[in-house]
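The values are calculated or read from the model by the stated rules, or taken from the named source; none is laboratory data. All values reported here derive from a predicted model rather than from experimental measurement. Methodologically, a virtual Cβ is constructed for each residue, glycine included, from the backbone with ideal geometry; neighbour enumeration extends over all protein chains shown.
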Amino acid sequence: MTLRVQILKDKFNSSLGLPFKELLPTSVIEQALLELKTRYYRRLFDPIVTLWAFLSQVLDTDKTCHNAVSKIIAHLVEEDVEIPSNDTSAYCQARSRLSEKLLEKLFNYSAQNLDEKMTEEHLWCGRNVKVIDGSTVSMPDTVENQEIKLNESVTRPVGLQNRT
């Protein structure tokens with residue numbers, strides 16, 4: 001992990017409230033919900049607050065629902081709203097209602113937004129570089145290769161077997 005990424009991650013972990021509200025504004029989430037024809041009630045754990053809390057929860061070192069609810073409570077203190085109990089069940093139910101399509105749409109929006117902000121200084125030798133991790137090596141599934149694999153699995157301890 002690069003130093004810049006670590007600094008940003010540390011900043012999110014140490015922040016009070018919901019730091020994603022600055023990176024993913026309410027208007028963008030509302031637009032995505034509208035496009036997906038998602039209906040919801042305006043309440044404490046609406047999709048907007050729940051999404052911000054969920055994103056914070058995923059990146060935080062303390063991934064508990066209790067910590068996520070604490071961040072929501074800190075956010076509500078800033079908003080001068082009545083503070084709920086720290087019970088996690090309502091948040092967990094709201095989080096389970098977040099649709100995968102919503103997350104996909106917002107991911108694509110964020111990627112496009114970042115791409116539009118890219119300047120010449122972010123390019124390598126003036127070029128876009130695509131890095132894809134997923135390389136594999138494959139061999140034909142011949143009888144000879146099957147015998148070699150079978151012999152290796154019999155003679156090697158379990159932790160040292162080749163992974164396929």
Residues in segment 85-132 that are farther than 25 Å from residue 25 by Cβ and not in a helix (DSSP H, G or I) total 14
Scanning segment 116-164 for residues that are charged (D, E, K, R), modelled with pLDDT under 65 and surrounded by fewer than 10 Cβ atoms within 10 Å (Cβ to Cβ) gives 163
Starting from segment 89-110, keep only residues that are under 16 Å from residue 37 (Cβ atoms), then list their pairs with residues that are in a helix (DSSP H, G or I) and among the small types (Gly, Ala, Ser) whose Cβ atoms are within a distance under 9 Å, requiring at least 6 positions of separation or different chains.
101/32; 102/32; 105/32; 106/32
Could you tell me whether any residue of segment 60-67 is in contact with a helix residue (DSSP H, G or I) (Cβ under 6 Å, 6 or more places away or on another chain), in a helix (DSSP H, G or I) and at pLDDT 90 or above?
yes
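Taking segment 68-84 only, how many residues are not acidic (Asp, Glu) and not in a helix (DSSP H, G or I)? Spell out the reasoning first.
We begin by selecting, within segment 68-84, every residue not acidic (Asp, Glu); these are 68-77, 81, 83-84.
Still in the list and also not in a helix (DSSP H, G or I): 81, 83-84.
Of the residues in that region, 3 qualify.
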Suppose the filter is at pLDDT 85 or above and surrounded by 11 or more Cβ atoms within 10 Å (Cβ to Cβ); does residue 111 pass it?
no
Every pair of residues 6+ apart whose Cβ atoms lie under 7 Å, when the first sits in segment 32-56 and is surrounded by 17 or more Cβ atoms within 10 Å (Cβ to Cβ) while the second is among the charged types (D, E, K, R)
32/105; 50/95; 52/21; 53/71; 54/95; 56/71
